[in-house]
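We did not get these values from a lab; they are worked out from the coordinates using the rules stated. This one's a predicted model, so the numbers in the text were calculated from it and none came from an experiment. Neighbour counts are summed over all protein chains in view; Cβ atoms, including those assigned to glycine, are modelled from backbone coordinates with ideal geometry.
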Ligand SMILES: [Zn+2]
């Protein structure tokens with residue numbers, strides 16, 4: 001039966017090792033070298049090599065392929081002293097990684113020699129517990145969760161669509177949520193607007209929303225805008241946000257949002273609902289179509305009644321707003337295929353989802369190649385574009 005020393009000697013014999021000086025020279029010569037830290041989280045938090053990917057030794061086999069996809073790229077693996085990284089290097093070779101070296105002496109020697117290291121940003125113990133189900137997903141992981149905590153999402157409306165979107169984004173740990181709404185909570189809102197409750201009737205919707213979201217997740221900074229979004233303030237309100245979740249229910253505001261998002265180059269996750277039907281799409285400025293590409297002009301007002309006139313089943317915005325939250329998180333984390341250039345249409349009565357392709361309109365007066373400067377101005381009922389062809 002081999003002893004630990006035998007196993008270590010066998011591992012060392014089957015891998016390549018470099019000393020700390022050699023590792024530093026390798027990183028300087030080839031900055032694309034992936035640096036892999038296989039220590040435990042409490043060791044990693046005390047300090048690590050710059051740009052290190054952290055996968056504790058116990059999770060190496062299950063996580064490395066999703067974190068380091070290119071098996072032919074050079075990898076420098078290290079631990080505290082060079083033992084765990086020797087075993088890790090052998091495991092990596094068994095998984096097909098062809099260019100792996102283990103750093104003899106490990107981080108302790110590296111640090112003692114005053115080589116470059118950083119104190120990585122890490123989640124607190126509370127955050128690690130709260131976001132545990134995210135951390136288990138290699139596609140999110142600690143880096144993705146940090147990314148969400150650093151992200152800023154602006155919600156237009158704290159109503160039917162904004163409620164589920166805000167609740168899920170807050171729960172997911174999106175660090176800053178801006179909410180624009182100038183209404184007060186009304187009892188007739190409570191059939192679908194889950195951010196609010198009976199105790200808040202008569203309160204400003206943004207204040208009610210903030211109370212609910214902060215109670216759900218104290219990590220979230222909720223910024224409220226108790227204003228009507230208009231041409232005079234929209235660029236200022238949008239400033240600094242990564243994503244806009246649009247739950248507005250009137251055409252002039254949608255065109256205004258579209259034009260301002262093009263100016264600021266901020267993606268918009270657009271949702272709309274009507275009776276038993278809902279739609280979601282993502283307008284990614286100058287990458288996919290914009291709202292004007294899809295809806296060049298609004299329908300006449302008599303054909304476009306609002307929810308207050310036509311009614312809506314209360315669960316419907318819950319479904320559509322939740323999909324908006326999902327799309328926002330996918331965009332923030334660079335996951336999957338967001339609904340850019342695709343319209344997802346939901347029919348609640350039929351219980352079906354369909355997707356339709358939406359193309360960019362080469363003649364679009366807002367995002368087309370010949371579009372002139374976009375002028376942000378108030379729109380009347382006709383929403384005629386202010387952007388002028390040059
Ligand atoms: Zn367009």
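Tilt of helix 162-172 relative to the longest C-alpha principal axis of the chain, in degrees (0 to 90, nearest 10)?
That helix lies at roughly 10 degrees to the long axis.
On a 0 to 90° scale, report how tilted helix 251-264 is relative to the longest principal axis of the chain, with both axes built from alpha carbons and the result rounded to the nearest 10.
So the inclination is approximately 40 degrees.
With the cut-off at 1.5 for a/c, could you classify the stretch 16-105 from its C-alpha gyration tensor as rounded, prolate or oblate?
Details: a/c = 1.33, a/b = 1.03, b/c = 1.30.
Verdict is rounded for the stretch 16-105.
By DSSP, what percent of the beta bridges with both residues in the chain are antiparallel, rounded to the nearest 5?
So the antiparallel bridges in the chain amount to around 40 percent.
Hey, fewest Cβ within 10 Å first, where do 110, 117 land in order? Provide the component values of the computation, followed by the final result.
Details: 110 23, 117 15.
Starting with the residue having the fewest Cβ neighbours, the order is 117, 110.
Label point 7 Å out from residue 232 along Cα-to-Cβ: which residues of the stretch 255-295 have amide N under 18 Å?
256-257
Using 0.36 nm times the number of residues separating residue 183 and residue 223, minus their current alpha carbon distance, what extension gain do you get? List each step's numbers first, then the result.
Numbers: separation 40, 0.36 × 40 = 14.40 nm, distance 1.59 nm.
Once the chain is fully extended between residue 183 and residue 223, it gains 12.8 nm.
What Kirkwood radius, in Å to one decimal, follows from the Cα pairs of the chain? Numbers along the way, then the final one.
Working: mean 1/r = 0.0421 Å⁻¹.
Final number for the Kirkwood radius of the chain is 23.7 Å.
What order do you get for 75, 214, 245 when you list them from fewest to most C-beta neighbours inside 10 Å?
Values: 75 23, 214 15, 245 28.
Fewest-to-most Cβ neighbours within 10 Å comes out as 214, 75, 245.
For 290, 79, which order do you get if you count the other beta carbons within 10 Å of each Cβ and list the fewest first? Provide the component values of the computation, followed by the final result.
Values: 290 27, 79 24.
By the 10 Å Cβ count, ascending, the order reads 79, 290.
Per DSSP H run of n ≥ 4, the term is -39500 (n - 2.57); total these for the chain, divide by its residue number, and report the mean residue ellipticity at 222 nm rounded to 500 deg cm²/dmol.
After summing the helix terms and dividing by residue count, I get -10500 deg cm²/dmol.
Let me know the shape class of the stretch 5-53, please: from the alpha-carbon gyration tensor, a ≥ b ≥ c as square roots of the eigenvalues, rounded when a/c is under 1.5, otherwise prolate if a/b is greater than b/c, or oblate. Display every interim value, and only then the final one.
Working: a/c = 2.50, a/b = 1.21, b/c = 2.07.
Oblate.
Taking 0.36 nm per residue of sequence separation and subtracting the Cα-Cα distance, how much length would be gained by fully extending the chain between residue 73 and residue 94, in nm to one decimal? If you can, show how the numbers build up before the last one.
Numbers: separation 21, 0.36 × 21 = 7.56 nm, distance 1.51 nm.
Full extension from residue 73 to residue 94 adds 6.0 nm.
Using only C-alpha positions, report the orientation-averaged shadow area of the convex hull of the stretch 119-207, nm², one decimal.
Values: hull surface 27.6 nm².
It is 6.9 nm².
Please give the FRET efficiency for residue 21 paired with residue 265, using the beta carbon to beta carbon distance and R0 = 56 Å, rounded to the nearest 0.05. Mind showing how you got there, number by number?
Details: r = 45 Å, r/R0 = 0.80.
Between residue 21 and residue 265 the formula returns 0.80.
Cα axis of helix 205-216 to longest principal axis of the chain: angle in degrees, 0 to 90, nearest 10?
For helix 205-216, the angle is close to 20 degrees.
Taking 7 Å along the Cα-to-C-beta vector as the label spot, tell me the residue 199-residue 10 distance in nanometres, rounded to one decimal.
Label at residue 199, label at residue 10, 6.4 nm between them.
Quick one: length gained pulling residue 315 to residue 370 fully straight, 0.36 nm per residue minus the C-alpha distance? Each step should come with its number before you reach the end.
Details: separation 55, 0.36 × 55 = 19.80 nm, distance 4.20 nm.
The span from residue 315 to residue 370 would gain 15.6 nm if fully extended.
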